[in-house]
Amino acid sequence: MVKIALQIKASLECIENLYTNHPDYSWFLKLKCENCGEVSEKFHDLTEAEKVSLKHKRSETNLLIKCKLCSRENSVDVIEGSNGVYTSEDLGKFKTIVIFDCRGVEPVDFEPKSGWIAKAENEGKTFEDIDLSEKEWADYDEKNQTAVGVYDLEWQFVKVK
């Protein structure tokens, strides 16, 4: 059981908070089997709100996958309550936005896609279902009459205790 945090860093233009629609957000991850080193060709999606039953145990997990190369069964869970918020105070540094409990695999890539939420500064508009698949997003906050945006989105995975 290894806990791995997904951290993001971005430039925010007139945005106070950037976060996901937790617990319904679908995390799209490429995974590497720790047994044989095989990296999945496609992105796997997992959502904290969705559970699948483990075959030989009386428990559930968010994602259960079988390695195509070695046939080992692996699982990943979103740790409940681990979803963070990237704020305007976090600019220029990586911040943890979610932690995964990984058994037999570890994430090696992330695809942000849609489902992000951005809250404009000065009690401005809240923008929902933002698509960050292009690593940037821009819009206009009518309430504050200013351009808003998320730019230069980066991410990294870090093992945590």
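Residues in the stretch 22-55 that are within 24 Å of LYS93 (Cβ to Cβ) and modelled with pLDDT under 95: 1 in all.
Among the residues of the stretch 69-90 satisfying the criterion of being assigned to a loop (DSSP other than H, G, I, E, B) and charged (D, E, K, R), which is farthest from ASN122 (Cα to Cα)? Quick ask: steps written out before the conclusion?
Initial filter on the stretch 69-90 (assigned to a loop (DSSP other than H, G, I, E, B)): 69-72, 79-85.
Now restrict to residues that are charged (D, E, K, R): 72, 80.
Values: ARG72: 51, GLU80: 30 Å.
The residue in question is ARG72.
For the stretch 123-140, a residue qualifies if it is in contact (Cβ under 8 Å) with a residue 40 or more places away in the chain and on the phi > 0 side of the Ramachandran plot, and exactly one does: ASP129.
With respect to the conditions (1) within 17 Å of the chain's Cα centre (by Cα); (2) buried (at least 16 other Cβ atoms within 10 Å of the Cβ); (3) charged (D, E, K, R); (4) more than 20 Å from ASP109 (Cα to Cα), GLU16 lacks only one, and its number is (1).
Just for strands (runs of 3 or more DSSP E) wholly inside the stretch 1-60: which have at least 3 residues that are β-branched (Val, Ile, Thr)? So that I can check it myself, show each step before the final result.
Details: elements: 2-13, 15-20, 27-33, 44-46.
Result: 2-13.
Selection of the stretch 114-143 for residues being in a loop (DSSP other than H, G, I, E, B) and crowded, with 17+ Cβ neighbours inside 10 Å yields GLY124, LEU132.
Out of the residues in the stretch 56-81 meeting the condition of being small (Gly, Ala, Ser) and modelled with pLDDT of 95 or more, tell me which one is surrounded by the fewest Cβ atoms within 10 Å (Cβ to Cβ).
So in the stretch 56-81, the residues small (Gly, Ala, Ser) come out as 59, 71, 75, 81.
With modelled with pLDDT of 95 or more added as a condition, the list becomes 71, 75.
Numbers: SER71: 10, SER75: 20.
The residue in question is SER71.
The residues listed here are ARG72, ARG58; of these, the one that is basic (Lys, Arg) and touching a Cys at 6+ places or on another chain (Cβ under 8 Å) is ARG72.
Can you confirm whether the stretch 40-53 contains a residue that is more than 18 Å from ASP109 (Cα to Cα) and more than 18 Å from the chain's Cα centre (by Cα)?
Just the residues of the stretch 40-53 that are more than 18 Å from ASP109 (Cα to Cα), to begin with: 48-53.
Now narrow it down to the ones that are more than 18 Å from the chain's Cα centre (by Cα): 52-53.
Yes, there is a match, as at least one residue in the stretch 40-53 is more than 18 Å from ASP109 (Cα to Cα) and more than 18 Å from the chain's Cα centre (by Cα).
With respect to being in contact with a strand residue (DSSP E or B) (Cβ under 6 Å, 6 or more places away or on another chain) and surrounded by fewer than 15 Cβ atoms within 10 Å (Cβ to Cβ), GLU89 falls outside the description.
Failed condition for THR96, given (1) buried (at least 18 other Cβ atoms within 10 Å of the Cβ); (2) at pLDDT 95 or above; (3) over 16 Å from GLU16 (Cα atoms), with all others met? Of (1) buried (at least 18 other Cβ atoms within 10 Å of the Cβ); (2) at pLDDT 95 or above; (3) over 16 Å from GLU16 (Cα atoms), only one is false for THR96: (1). Within the stretch 61-68, identify whether any single residue is in a strand (DSSP E or B), among the basic types (Lys, Arg) and touching a residue at least 40 places away in the same chain (Cβ under 8 Å), and answer yes or no. There is no residue in the stretch 61-68 that is in a strand (DSSP E or B), among the basic types (Lys, Arg) and touching a residue at least 40 places away in the same chain (Cβ under 8 Å).
Against the condition of a type in the set (D, E, K, R), surrounded by 14 or more Cβ atoms within 10 Å (Cβ to Cβ), more than 30 Å from ALA147 (Cα to Cα) and in contact with a strand residue (DSSP E or B) (Cβ under 6 Å, 6 or more places away or on another chain), how does LYS3 come out, does it pass? Judged against the criteria, LYS3 is a match.
The values are calculated or read from the model by the stated rules, or taken from the named source; none is laboratory data. Keep in mind that what you see is a predicted model, and the values were worked out from it rather than measured. Reconstructed Cβ throughout: ideal geometry from the backbone, glycine too, with neighbour counts over all protein chains shown.
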